[in-house]
Amino acid sequence: MSFSSSTPPPSVQEQQEEQTDQQKLAQVLKFHNQTKHNFTNYARGPHGLDWANQPNPFRRYPPAPVLPLLHPTTPNPTPLYSSIFTSLPPPKPVTNDSISQFLYDSLALSAWKTAGFSTWSLRVNPSSGNLHPTEAYIICPSIESVSNTPFVAHYAPKEHSLEIRAEIPSGFLPKHFPDGSFLVGLSSIFWREAWKYGERAFRYCNHDVGHAIGAVSMAAAGLGWDVKVLDGLGCEDLEKLMGVGMLPKFKIPSRPVKGKLPEIEFEHPDCVLLVFPNGIGEFDVDYEDLSEDIAEFAKLEWKGKPNVLSKEHICWDIIYRTAEAVKKPLNLHDNFVVDPFQSSGVFRESAYKGFSLREVVRKRRSAVDMDGFTKVARETFYQMLLHCMPTGSGSGEKQRRQLALPYRALPWDSEVHAVMFVHRVVGLPKGLYFLVRNEDHFDDLKKATRPEFKWEKPEGCPDELPLYELAKIDCQELAKRLSCHQDIAGDGCFSLGMLAHLSPTLHDKGVWMYPRLFWETGVLGQVLYLEAHAVGISATGIGCFFDDP
């Protein structure tokens, strides 16, 4: 008598899906390796900037109706910046005033700058090269003095206005989400970044999505609202929900091509965020039912056509192949979890300068250089890093989950860590330090790094802050060299590199996690920007670095 395994062999369909998954993974790893900078060569990009074809930074949908939003005034204050990490104010109702304030403090213009004959705008949400590939949409219930019916609108930051793209069924939002909820959709125009950065632009676009998620989460918190990425939805659902699937699909060329290619100005749908009142408790999202209702959006009367951004373009083919490979399918088994708000660690409240949330988010700027002598106290440094932790001050079984503001918007365990180059922190030796943002990775991180590293908690470090000293070393010149020889990396109080749990995450969770790793770095970068301003210094993001070194 013979026995065979009880596990049936994989079906033809399963084998084909496995092969397709491997092809997608190979495409993502090819992109990641091909777009690395090295000491001997940089990733492919344009040779010089084609100023005549610099993309218009403002997408519009003429002749869609334009509804101006309110500009908040000082009698309508926001909470103290430092206070929202410990508790949120009571949730505001969704009104013209609150929606106006929400967008004003998250995705609006923050200033205009002029130098010589050039004038350009700055925004609340930072962007690589100030090129702003991220577009935003709001799917909202009817609002008095805005719209008598529920609607989908494109946010126009230059005018601080809503372009009404479509009216939606009145029962859509109440059927799927709690009262007082609305959706924010984010999409990316790859061409805006590729104009300057070439193939590496796909990285920067997704990093900017993370900054936008962080900006939206912080502005929402000031109004007593919580935010969560609806990550069970697939890419096709997002297209239909935002109405960005209207542009013709184009055939991706086999190599970079230059010419009149308006089709590459399309918007790639990135994510949809649910904004809802904080403290309402748990609720479920039925992704299958939600997807079926979103499918009906294709039948809506969509208003307006997207404006043209440039006369001529360069299509960097690997960007679009990779974007196709990482498209996320609908996941009916994705669990939507609303965790209780968790307070971030408070170590030195006096480190903050008493700024309101609006003062911090709207006055944040990207520093263009560092003075080389400013210092911060060790306690201030520790406080800033406590707000870089995704788990807040709690403990126990759920400690890995991202529960603290603004990381709680991301529905996965943290996969990104920070390697710190400490230059001038009073009371802390110069050196290399490691902030472990998911302590499940600790053992693997130790094995992956040099055996001589110390991995010791520095003096005075709070128990709840997993910061470790690796080596005492003056790393100013090292930081500069690694950051494409930019002085700014060595002239600040400290700089850092972000290290992602890349291959295991792509293998275990799927290739669609690739852009999400960049989202997480963007959310972390947003907090570092705000923390720096809140303690009275400045920060900047450095997108040019030598990956493998």
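The values are calculated or read from the model by the stated rules, or taken from the named source; none is laboratory data. Here the structure is a predicted model, which is why all the values come from computation and not from measurement. Note: ideal-geometry Cβ built from the backbone for every residue, glycine included; neighbour counts use all protein chains shown. Quick note on the areas: whole protein, heavy atoms, side chains included, nothing else; ligands and nucleic acids left out. Shrake-Rupley method; radii C 1.70, N 1.55, O 1.52, S 1.80 Å.
Taking every residue in segment 177-194 that is closer than 16 Å to Pro91 by Cβ and pairing it with any residue that is open to solvent by 10 Å² or more (accessible area, probe 1.4 Å) and at pLDDT below 95, at least 6 positions away or on another chain, the pairs with Cβ-Cβ distances below 7 Å are Pro178/Ile280; Pro178/Phe283. Taking the stated definitions as given, is Tyr204 out of contact with any strand residue (DSSP E or B) (no Cβ under 7 Å at 6 or more places or on another chain), open to solvent by less than 40 Å² (accessible area, probe 1.4 Å) and not aliphatic (A, V, I, L, M)? Taking the combined requirement at face value, the residue satisfies it.
Residue-level analysis places Glu464 outside the set of residues that are assigned to a loop (DSSP other than H, G, I, E, B) and exposed (fewer than 13 other Cβ atoms within 10 Å of the Cβ).
Would you say Ala409 is closer than 27 Å to Trp512 by Cβ, of a type in the set (Gly, Ala, Ser) and surrounded by 22 or more Cβ atoms within 10 Å (Cβ to Cβ)? In short, yes. Right, Cys461: of a type outside the set (D, E, K, R), touching a Phe, Trp or Tyr at 6+ places or on another chain (Cβ under 7 Å), under 16 Å from Val426 (Cα atoms) and in contact (Cβ under 8 Å) with a residue 24 or more places away in the chain or not? Against the criterion (of a type outside the set (D, E, K, R), touching a Phe, Trp or Tyr at 6+ places or on another chain (Cβ under 7 Å), under 16 Å from Val426 (Cα atoms) and in contact (Cβ under 8 Å) with a residue 24 or more places away in the chain), Cys461 qualifies. Going by the structure shown, is Glu397 modelled with pLDDT under 90, surrounded by fewer than 18 Cβ atoms within 10 Å (Cβ to Cβ), more than 24 Å from the chain's Cα centre (by Cα) and among the acidic types (Asp, Glu)? Taking the combined requirement at face value, the residue satisfies it.
Got at least one residue in segment 377-393 being open to solvent by 30 Å² or more (accessible area, probe 1.4 Å) and under 29 Å from Gly129 (Cα atoms)? So far as segment 377-393 goes, no, none of its residues is open to solvent by 30 Å² or more (accessible area, probe 1.4 Å) and under 29 Å from Gly129 (Cα atoms).
Which residue pairs have Cβ atoms under 8 Å apart, sit 6 or more places apart or on different chains, and have a first residue in segment 76-93 that is of a type in the set (Gly, Ala, Ser) and a second that is assigned to a helix (DSSP H, G or I)? Correct list of pairs: Ser82/Glu349; Ser82/Ala534.
Does Glu469 satisfy the criteria of being in a loop (DSSP other than H, G, I, E, B) and farther than 15 Å from Pro549 by Cα? So that I can check it myself, show each step before the final result.
Details: in a loop (DSSP other than H, G, I, E, B): no; farther than 15 Å from Pro549 by Cα: yes.
No: the conditions fail for Glu469.
If you go through segment 266-284 and keep only what is surrounded by 19 or more Cβ atoms within 10 Å (Cβ to Cβ) and either of a type in the set (A, V, I, L, M, F, W, C) or modelled with pLDDT under 95 (or both), you end up with Phe266, Cys271, Val272, Leu273, Leu274, Val275, Phe276. Scanning segment 121-156 for residues that are more than 23 Å from Pro72 (Cβ to Cβ) and without any contact (Cβ under 8 Å) to a residue 40 or more places away in the chain yields Asn148, Thr149, Pro150.
In segment 328-374, the qualifying residues are those that are of a type outside the set (Gly, Ala, Ser) and not in a loop (DSSP other than H, G, I, E, B), and the one that is most open to solvent (accessible area, probe 1.4 Å) is Lys363. Of the residues making up segment 133-149, those that are outside any strand (DSSP E or B) and open to solvent by 10 Å² or more (accessible area, probe 1.4 Å) are Pro141, Ser142, Glu144, Ser145, Val146, Asn148, Thr149. Taken over segment 286-319, the criterion of being open to solvent by 10 Å² or more (accessible area, probe 1.4 Å), aromatic (Phe, Trp, Tyr) and under 24 Å from the mean Cα position of the chain (by Cα) is satisfied by Trp316 alone.
Within segment 150-200, which residues are open to solvent by 10 Å² or more (accessible area, probe 1.4 Å) and of a type in the set (Gly, Ala, Ser)? Scanning segment 150-200 gives Ser170, Gly171, Gly180.
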